[in-house]
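Take a look at the structure set out below.
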Amino acid sequence: MSASAIPGYAYGAPALARSPVTLDELALLERALLLGDDDRARLKQAGAILGPRAEAILDVWYGFVGSHPFLLESFVAPGGEPDGRYLAAVRARFGQWILDVCERPHDQAWLDYQHEIGLRHTRAKKNRTDGVSAPAHIRLRYVLALVYPITATIRPFLEESGLPAADVEAMHQAWSKAVLLHATLWAAAYTAPEDF
Ligand code: HEM
């Protein structure tokens, strides 16, 4: 599916709120994360490997969420069954996110969409994009905790490339930093601006 055809995927949409984080602040955050030009190049390299494997990666991640009821409940309307339509709609955007992590430049449009994704995990905007009545909020603790599985589970897919171990390691390090950067920016939606 082309990105523009993914329901609810609003990357670059003019109506999005501006991120509370400025590009200068982002640069400082990237320095704190030791995320530099080498990582950007390694993410591009990883994108060529992970893009074609997105469905298999999503199978792993959805298997993980699905096997933990305290996570799956975010997709379940009170008293109901897991909402297949919601799961599928989010899955399409999640697949695009894998590519976006690897390929999108960290400019204002990227920053604004990170803020939007943060909001979509919270009371401010969860459920609205897909018009569902699942729980209204995802706890920040789980968003932060999932950085580890979302990072660790990527390594076997990078190894599948057959590239030398040093290349796999460099791509994996870059992926780890990028996921942590995303979760950090999403935390702005949970935090008073003066504390973030
Ligand atoms: C590092 C951790 C996480 C990552 C990388 C991640 C990634 C994503 C992405 C890419 C989207 C789609 C954004 C879009 O609309 O374009 C999304 C939405 C969503 N995620 Fe997460 N997520 C994380 C943590 C969690 C946790 C802990 C839960 C709880 C089980 C969760 C449940 C959801 C739900 C329910 C949506 C749909 C929100 C809506 O109604 O719009 N996510 N996530």
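Quick look at the values:
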quantity: All Cα pairs of the chain, percent lying beyond 30 Å; calculated: 18 percent
quantity: Surface share of carbon and sulfur [accessible, 1.4 angstrom probe, percent] for the stretch 29-105; calculated: 60 percent
quantity: 1.4 Å probe accessible area per residue over the chain, in Å²; calculated: 51 Å²
quantity: Cα-only Debye scattering, the stretch 6-90: base-10 log of I(q)/I(0) at q = 0.15, 0.19, 0.25 Å⁻¹; calculated: -0.97, -1.12, -1.09
quantity: Karplus (6.51, -1.76, 1.60) ³J(HN,Hα), θ = phi - 60°, over the stretch 90-107, in Hz, Gly and Pro reported as x; calculated: 5, 4, 4, 6, 5, x, 5, 4, 4, 5, 4, 4, 7, 10, 6, x, 8, 9
quantity: Projected area, mean over directions - the stretch 126-196, Cα convex hull, nm²; calculated: 6.5 nm²
quantity: Per-residue [θ]222 nm for the chain (sum of -39500 (n - 2.57) over DSSP H runs n ≥ 4, rounded to 500); calculated: -17500 deg cm²/dmol
quantity: Estimated Rh, the stretch 83-160: Kirkwood, alpha-carbon pairs, angstrom; calculated: 14.1 Å
quantity: Fraction of alpha-carbon pairs over 14 Å apart in the stretch 1-48 - percent; calculated: 70 percent
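The values are calculated or read from the model by the stated rules, or taken from the named source; none is laboratory data. In this text, all values refer to a predicted model and were calculated from it rather than measured experimentally. In case anyone asks, the SASA skips ligands and DNA or RNA and just uses the protein heavy atoms, side chains included. Shrake-Rupley method; radii C 1.70, N 1.55, O 1.52, S 1.80 Å.
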